[in-house]
Amino acid sequence: DAKTTQPTSMDCAEGRAANLPCNHSTISGNEYVYWYRQIHSQGPQYIIHGLKNNETNEMASLIITEDRKSSTLILPHATLRDTAVYYCIVRVEPGAGSYQLTFGKGTKLSVIP
Amino acid sequence: GAGVSQSPRYKVAKRGQDVALRCDPISGHVSLFWYQQALGQGPEFLTYFQNEAQLDKSGLPSDRFFAERPEGSVSTLKIQRTQQEDSAVYLCASSSVDVLATDTQYFGPGTRLTVL
């Protein structure tokens, strides 16, 4: 699976949009971008995933650049409960081989009142 | 609840003791994963089951680590002769293997193992 690069930490004011970047310049054509987050003392939680089109769900939006070498996770209105470590993960499509998730160190997002 | 549960939540062991960590996946989930998370690091893959078959154990750090899922539901991760470097949070995750689905992995809260 391709390697990802994320900033170590970010701050965001409560109520503002949080934009978390991720670089994955070696991504292959059949690899998806997944985002998980881990709130302190909990297991990781799935947020969203995409291949090449932008995606949106009730939690967040995922913007993938046209060349697919980078992406941005957007939390539109950050709350204190969004304070967590956010992991960007690149992996092959479901059912196409390895099922494991390869986590990096992620970005520690702190939402400030 | 309907989520993944793990027990115990906390375990303290003396060096050299054997420990057993339990994972109850979401009912009906075919796939089950174990990950190890050291302090300040992201989770690292240990092993993967599809039903009762252990299809990948490439992440197990030594032969002291053993996992089983005999009936394709509950899984146990056993660590023999624990060492201080085994201190970590052990996470279990499960997913359905429907290839048309997102293959989302649902994680339990983890077991924090401290080896003294």
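The values are calculated or read from the model by the stated rules, or taken from the named source; none is laboratory data. Keep in mind that this is a model prediction, so the values were computed, not measured. All Cβ positions, glycine included, derive from the backbone under ideal geometry; neighbour counts span all protein chains shown.
Tabulated values for the structure
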| read-out | value |
| --- | --- |
| Close pairs (6 angstrom Cβ cut-off, 6 or more residues apart or separate chains): more than 7 Å from chain B (Cβ to nearest Cβ) and assigned to a strand (DSSP E or B) in the stretch A:98-113, of a type in the set (Phe, Trp, Tyr) and buried (at least 21 other Cβ atoms within 10 Å of the Cβ) anywhere | A:THR107/A:TYR86; A:LEU109/A:TYR86 |
| B:LEU77 being within 13 Å of chain A (Cβ to nearest Cβ) and under 30 Å from A:TYR32 (Cα atoms) | no |
| Spans of strands (runs of 3 or more DSSP E) in the stretch B:20-116 with at least 1 residues surrounded by 21 or more Cβ atoms within 10 Å (Cβ to Cβ) and among the aromatic types (Phe, Trp, Tyr) | B:31-37, B:44-50, B:88-95 |
| B:GLY16, sole failed condition from (1) modelled with pLDDT under 95; (2) farther than 24 Å from B:PRO70 by Cβ; (3) of a type outside the set (Ser, Thr, Tyr) | (1) |
| Residue tally, condition touching a Gly at 6+ places or on another chain (Cβ under 7 Å), in a strand (DSSP E or B) and within 13 Å of chain B (Cβ to nearest Cβ), over the stretch A:41-68 | 1 |
| Any hit, the stretch B:99-114, residues being in contact (Cβ under 8 Å) with a residue 40 or more places away in the chain, more than 10 Å from chain A (Cβ to nearest Cβ) and among the polar types (S, T, N, Q) | yes |
| Contacts under 8 angstrom Cβ, first residue in the stretch A:1-24 being farther than 22 Å from A:LYS69 by Cβ and without any contact (Cβ under 8 Å) to a residue 60 or more places away in the chain, partner crowded, with 19+ Cβ neighbours inside 10 Å and not charged (D, E, K, R), 6 or more apart | none |
| Selection status of A:SER71, away from chain B (no Cβ under 11 Å) and either surrounded by fewer than 19 Cβ atoms within 10 Å (Cβ to Cβ) or closer than 19 Å to A:MET10 by Cβ (or both) | yes |
| Pairs, first closer than 21 Å to B:SER96 by Cβ in the stretch B:1-27, second among the acidic types (Asp, Glu), C-beta under 8 Å, six or more apart | B:VAL4/B:ASP24; B:SER5/B:ASP24; B:GLN6/B:ASP24 |
| Some residue of the stretch A:79-96 being closer than 20 Å to A:ALA18 by Cα, of a type in the set (Lys, Arg), touching a strand residue (DSSP E or B) at 6+ places or on another chain (Cβ under 9 Å) and modelled with pLDDT under 95 | no |
| Selection within the stretch A:1-18 - loosely packed, with under 15 Cβ neighbours inside 10 Å and within 12 Å of the chain's Cα centre (by Cα) | A:THR5, A:PRO7 |
| Residue that is among the aliphatic types (A, V, I, L, M), modelled with pLDDT of 95 or more and out of contact with any Cys (no Cβ under 8 Å at 6 or more places or on another chain), where the choices are B:LEU77, B:LEU39, B:LEU91 | B:LEU91 |
